[in-house]
Amino acid sequence: DTEVTQTPKHLVMGMTNKKSLKCEQHMGHRAMYWYKQKAKKPPELMFVYSYEKLSINESVPSRFSPECPNSSLLNLHLHALQPEDSALYLCASSPDSGRGDTQYFGPGTRLTVL
Amino acid sequence: AQSVAQPEDQVNVAEGNPLTVKCTYSVSGNPYLFWYVQYPNRGLQFLLKYITGDNLVKGSYGFEAEFNKSQTSFHLKKPSALVSDSALYFCAVRDPNTGGFKTIFGAGTRLFVKA
């Protein structure tokens, strides 16, 4: 299994809602990532987990809260988002955090904040 | 600072013709370089990478890339383009200053292959 899955595919939420994005991989990878991507732009790194511990937080606003319950799962909890947070949210995983390790991306969750 | 540049926003090529998507980099130490492709409303798909060894790297879907250290380039190539190759292409490098945790992406190049 060389796939990263993400649910839901689409999400529409109001600014007062609380929702969660989910990401799952069964490749035995120990590093997992959240990216935000605006249209026609490269992905922007948000968070990195390595061996289930948060390794990098790219100064992301606290309305985004990551969670790594186990080595296969990665969640992104959303609360009180702003319309400018509307984007494609990508999850990725890699065997480890080594520089030569390939990142495998999920299909993304298209988030719209009203 | 580490950086990746893709000088062309868009590349247009006729089906059956060779294609090149350009990438140059500025990285301290040995660069670990990647190419990804993204189709509309999809995640990024890995095409190929250069770690060490042979400067010509072969990847998925008939793509290849040539690592040129003196020109600090890693251009993506394909001998014969297909309409289905039309997509957004990203060159990337793992940032050595973060132990590889961070990936630095180029701005992306949109490839249009005309039938």
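The values are calculated or read from the model by the stated rules, or taken from the named source; none is laboratory data. Just so it is clear, the model here is predicted, and its values are computed rather than measured. Just so you know, the surface numbers come from the protein's heavy atoms only, side chains and all, with ligands and any DNA or RNA stripped out. Shrake-Rupley method; radii C 1.70, N 1.55, O 1.52, S 1.80 Å.
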* With respect to the cross-link table entries A:Lys40/B:Lys69; A:Lys19/B:Lys22; A:Lys53/B:Lys77, which display a Cα-Cα separation exceeding 32 Å? -> A:Lys19/B:Lys22; A:Lys53/B:Lys77
* Asked: How do A:Asp85, A:Asp101, B:Asp54 stack up against each other in accessible area, from largest to smallest, with a 1.4 angstrom probe?
  -> B:Asp54, A:Asp101, A:Asp85
* Asked: Per residue, how many Å² of accessible area does the protein assembly as shown show with a 1.4 Å probe?
  -> 47
* Asked: Accessible area drop of at least 30 Å² (1.4 Å probe, protein heavy atoms): which residues of segment A:72-100 qualify, relative to the chain alone?
  -> A:Ser97, A:Arg99, A:Gly100
* Accessible surface of A:Lys38 - all protein chains present, 1.4 Å probe, nearest 10 Å² -> 70
* Structure fact -> Quick shape check on segment B:27-115: root eigenvalues a ≥ b ≥ c of the Cα gyration tensor, a/c under 1.5 is rounded, otherwise prolate if a/b tops b/c, else oblate, and it reads oblate
* Computed accessible area, A:His77, all protein chains, 1.4 angstrom probe, square angstrom -> 60
* Structure fact -> For chain B, the percent of accessible surface on carbon and sulfur atoms (probe 1.4 angstrom, ligands and nucleic acids excluded) is 49
* With the contact rule set at Cα under 8 Å and sequence spacing of 6 or more, what percent relative contact order holds for chain A? -> 36
* List the accessible area buried at the contact between B and A, summed over both sides and calculated with a 1.4 Å probe, in Å² to the nearest 100. => 2100
